[in-house]
Each structure stands twice: as C-alpha cells, then as structure tokens.
Amino acid sequence: MTQDELKLAVAQAAINHIKPAILDGEIIGVGTGSTANFFIDLLADFKNELKGTVASSEASAQRLRKHGIEVLELNSCGTIAVYVDGADEANERLELIKGGGAALTREKIVAAASKQFICIADGSKLVDRLGAFPLPVEVIPMARSYVARELVKLGGNPVYREGVVTDNGNIILDVYDFMIATPQKTEEQINNITGVVTNGLFACRPADVLLLGTAEGVKTLKA
Ligand SMILES: O=C(CO)[C@H](O)[C@H](O)COP(=O)(O)O
C-alpha cells in the first residue's frame with residue numbers, strides 16, 4: 001500500500017469511529033495536514049448531518065468550507081466531543097510530536113478543548129522514542145534569538161523555519177538532535193521559556209486513540 005492509501009484508510013477508520021458523534025449532533029474538531037485532509041474530504045459525505053466543525057488552521061477551515069461544511073469559532077462552542085488530527089511522530093503511550101505544518105498551537109488548543117483526541121497516522125510515524133523528527137516550537141518573533149539560545153542550553157539545535165509565519169503571526173524554530181527521554185518534562189521546560197507560545201510535544205495532553213495505518217490493516221492503540 002502507498003502512504004496515501006494508508007492515510008486514506010486511517011481517515012476512513014476515524015470517520016467510522018466518530019459517526020455516532022456526528023449523528024448525535026456533536027461538533028467535530030478537525031486537524032491539519034495531509035492525513036487530516038483525507039479526513040476532511042471523507043467528512044464532506046456527512047455535511048448535511050454535521051452540526052459544525054472547529055478547525056485547527058486557516059488551511060483546514062478553507063478546505064472544510066470548500067466542501068460546504070460549517071466552521072465555527074471555538075469560543076462559541078464549549079467543549080468539543082472529538083478531535084481528529086495527524087502527527088509527525090507518535091509513541092506507544094500516544095505522546096506525539098506535531099507541528100510539521102506549523103499549526104501546533106491551534107492544534108494544541110483544540111485538543112485541550114476536546115473530550116477525545118483521535119490521532120490518525122500511517123505506520124511510519126510510530127517510534128520508540130520521540131525526537132528524530134525535529135521538534136517545532138512556535139515563538140513570538142522578537143524572542144527568536146533569545147529562545148534559540150535557551151533551546152541550545154536544553155541540548156537542542158534550533159533552526160529557524162525560513163519563510164513560515166503561523167496563523168497566529170509567529171515564527172517556528174525546529175529543534176534538531178533533541179533526546180526526548182521524558183516528553184512531559186521537556187514539553188513543560190520548553191513552554192516555560194519566555195517568548196515561546198507552545199511546542200509540538202503533545203505529552204501533557206496525549207492522544208486518547210491512535211489509529212495507525214499498516215499493510216496489515218488499521219491498528220488501534222488506546223491510552
Ligand atoms: O501537526 C501537523 C500540522 O501542524 C500535522 O498533523 C502533522 O504535520 C502531520 O502531517 P501529515 O498528516 O501531512 O503527515
């Protein structure tokens with residue numbers, strides 16, 4: 001199977017998983033990235049039943065609207081029943097690295113506001129230890145150099161993602177060569193640096209379900 005076929009398979013599995021929530025009139029949180037895009041395209045089949053969605057990026061909001069799916073402001077929604085999103089890396093504890101598409105802050109907000117977080121990914125994303133994928137950190141622009149120096153002190157090698165401005169008007173530093181032995185601690189340490197908006201570790205709020213696309217079929221891992 002190609003990687004796209006695996007992404008489509010997990011997107012379909014997520015749709016099956018959330019169908020009861022859609023039919024119950026729940027609002028659905030929608031993530032960002034190529035795997036989330038497969039999910040959005042399948043979600044379009046339910047646009048008449050859907051009460052509404054909350055998007056984790058402007059790109060996903062646009063794609064949802066193109067399908068005629070309503071996109072709501074999180075502030076007008078209260079708690080979201082279920083959030084579906086991809087990941088750049090996941091471990092068996094369902095801790096994640098996200099932010100390859102620079103949407104990490106809004107993704108983290110929607111995940112935090114959701115009762116259930118379903119992560120969808122092809123099997124290549126499952127790792128023993130997080131950190132081979134460079135960890136994205138969203139930073140207030142004027143703090144870029146200061147934050148980079150602090151990240152070096154923590155043992156990382158931060159690289160400015162040239163030409164990228166987040167939906168929140170900030171910049172991204174990608175941290176290479178990070179040995180993330182204790183993801184929760186690292187997430188908190190980085191978030192404590194003044195000037196950091198947030199980082200792409202999802203360990204304090206990991207996924208609840210990981211749907212993993214493999215050649216043998218979709219595997220379900222639960223927290
Ligand atoms: O965190 C993300 C965007 O900020 C994405 O979920 C992550 O980058 C995975 O993307 P893809 O499904 O394209 O591999």
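Tabulated values for the structure
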read-out	value
At least 24 Å along the helix axis (C-alpha) and Kyte average at least 0.0, DSSP helices within the chain	3-23
Inter-label distance for Thr79 and Tyr176, nm, one decimal - labels placed 7 Å from Cα along Cα-to-Cβ	4.3
Per-peptide average of other Cβ atoms within 10 Å, ordering 41-49, 77-85, 2-10 highest first	77-85, 2-10, 41-49
Sites Asn192 and Val127, calculated FRET efficiency, Cβ-Cβ separation with R0 30 Å, nearest 0.05	0.75
Per-pair calculated FRET efficiency, R0 = 41 Å: Glu58 and Gln3 via Cβ, rounded to 0.05	0.95
Percent antiparallel among DSSP beta bridges (both partners in the chain, rounded to 5)	55
For the range 76-223, projected area of the alpha-carbon convex hull averaged over all directions, nm²	9.0
Where Cα atoms sit under 20 Å apart: lysine pairs in the range 56-139 separated by 8 or more or lying on different chains	4
C-alpha center-to-center spacing [the range 1-50, the range 158-223] in angstrom	22
Per-pair calculated FRET efficiency, R0 = 35 Å: Asn48 and Arg93 via Cβ, rounded to 0.05	0.40
Listed peptides 96-108, 146-158, 118-130 by packing density, highest first (mean Cβ within 10 Å)	96-108, 118-130, 146-158
Paramagnetic label zone (point 7 Å from Cα along Cα-to-C-beta, Val165; backbone N under 17 Å) in the range 131-149	138-144
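No lab work stands behind these numbers, since they all come straight from the coordinates. Predicted model, so just to flag it, every value in this text is computed and none were measured. Quick reminder, even Gly has a Cβ in these numbers, built from the backbone with ideal geometry, and neighbours come from all protein chains shown.
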